[in-house]
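Novice: My structure is below; once you've seen it, I'll send some questions.
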Amino acid sequence: MRLTQEDQDYRLHFRIENRLFQHEEVATFRWHDCTARPHHYRHASAGFGLRREGEIVFDWQDREAQGSKAIYPLVDEALDALSVAMVARCNMAKGDAEFSYPVAEPDGMAHYQYRSLGVENLETPAGDWNAASIERDYPERGKRSRFWAARELDYFMVRMDHQENLFVRGRIELTSFRYLTVPP
């Protein structure tokens, strides 16, 4: 995961790759006071017999999402599937028990609902963390995602467990990290 700043905008690049699965997401957005205003989002995944990809251009002037599978109206606080991670950091830092977001997807608007599972000590290959844990609630039966975000890293994700269905599940976790610039 790499977060870079380009003038007043940010670019978040998330990539996973191993011999069985590949996943990549890239989002560009404006960030101000725990609010993200997305400009562009794309994703692509392949593995375990699944293949998904899509893209969205956010046209805030015309209030329209131009998704690769549909064009539809944008709601005021719409996010993309990756900038959600940036905004969720703020909810975790405040200790919110539940939170939700309207999310633009390639085929239309969705609603992502999260609930806090508390704080725990978590061991990863990159170290031990005091981590807030949240779970995303899905409408599909059997689908689950749980995330752990390290307080010491301003609530950036250090582990994710995802279950697509009864047969497909996986874990990603932080193996190393470094600041690209020295934090203030």
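The values are calculated or read from the model by the stated rules, or taken from the named source; none is laboratory data. Since the structure is predicted, the reported quantities are computational estimates derived from the model, not experimental observations. Every residue, glycine among them, receives a Cβ derived from its backbone with ideal geometry; neighbour counts consider all protein chains shown. Remember, those area values only see protein heavy atoms, side chains included, never the ligands or the DNA or RNA. Shrake-Rupley method; radii C 1.70, N 1.55, O 1.52, S 1.80 Å.
Novice: SER116 versus (1) hydroxyl-bearing (Ser, Thr, Tyr); (2) modelled with pLDDT under 90; (3) surrounded by 15 or more Cβ atoms within 10 Å (Cβ to Cβ): which is the lone unmet condition?
Specialist: (2)
Novice: Could I ask something else about it? Every residue in the range 40-49 that is modelled with pLDDT of 90 or more and open to solvent by 60 Å² or more (accessible area, probe 1.4 Å), please.
Specialist: ARG42
Novice: OK, next. LEU174 - would you say it is touching a Pro at 6+ places or on another chain (Cβ under 9 Å), on the phi < 0 side of the Ramachandran plot and not small (Gly, Ala, Ser)?
Specialist: So LEU174 passes the test.
Novice: Restricting attention to the range 135-146, does a residue exist that is under 25 Å from HIS40 (Cα atoms), touching a Leu at 6+ places or on another chain (Cβ under 8 Å) and among the small types (Gly, Ala, Ser)?
Specialist: Checked the range 135-146: no residue is under 25 Å from HIS40 (Cα atoms), touching a Leu at 6+ places or on another chain (Cβ under 8 Å) and among the small types (Gly, Ala, Ser).
Novice: Here's another thing I want to ask about it. Taking the range 3-20 on its own, how many of its residues are out of contact with any Leu (no Cβ under 9 Å at 6 or more places or on another chain) and surrounded by 14 or more Cβ atoms within 10 Å (Cβ to Cβ)?
Specialist: 2
Novice: Taking TRP129 and the conditions (1) of a type in the set (Phe, Trp, Tyr); (2) in a strand (DSSP E or B); (3) open to solvent by 40 Å² or more (accessible area, probe 1.4 Å), which numbered condition does it fall short on, given that it satisfies the others?
Specialist: (3)
Novice: So, of the residues in the range 50-72 that are in contact (Cβ under 8 Å) with a residue 24 or more places away in the chain and either of a type in the set (Phe, Trp, Tyr) or over 27 Å from ARG89 (Cβ atoms) (or both), which turns out to be most open to solvent (accessible area, probe 1.4 Å)?
Specialist: My answer is LYS69.
Novice: Is it true that VAL158 is open to solvent by 90 Å² or more (accessible area, probe 1.4 Å) and either part of a strand (DSSP E or B) or at pLDDT below 80 (or both)?
Specialist: no
Novice: Which one is nearest to GLY118 (Cα to Cα), of the residues in the range 92-107 that are in contact (Cβ under 8 Å) with a residue 24 or more places away in the chain and crowded, with 16+ Cβ neighbours inside 10 Å?
Specialist: So the residue we want is MET92.
Novice: Determine whether ARG136 is open to solvent by less than 50 Å² (accessible area, probe 1.4 Å), under 21 Å from MET1 (Cβ atoms) and among the basic types (Lys, Arg).
Specialist: In short, yes.
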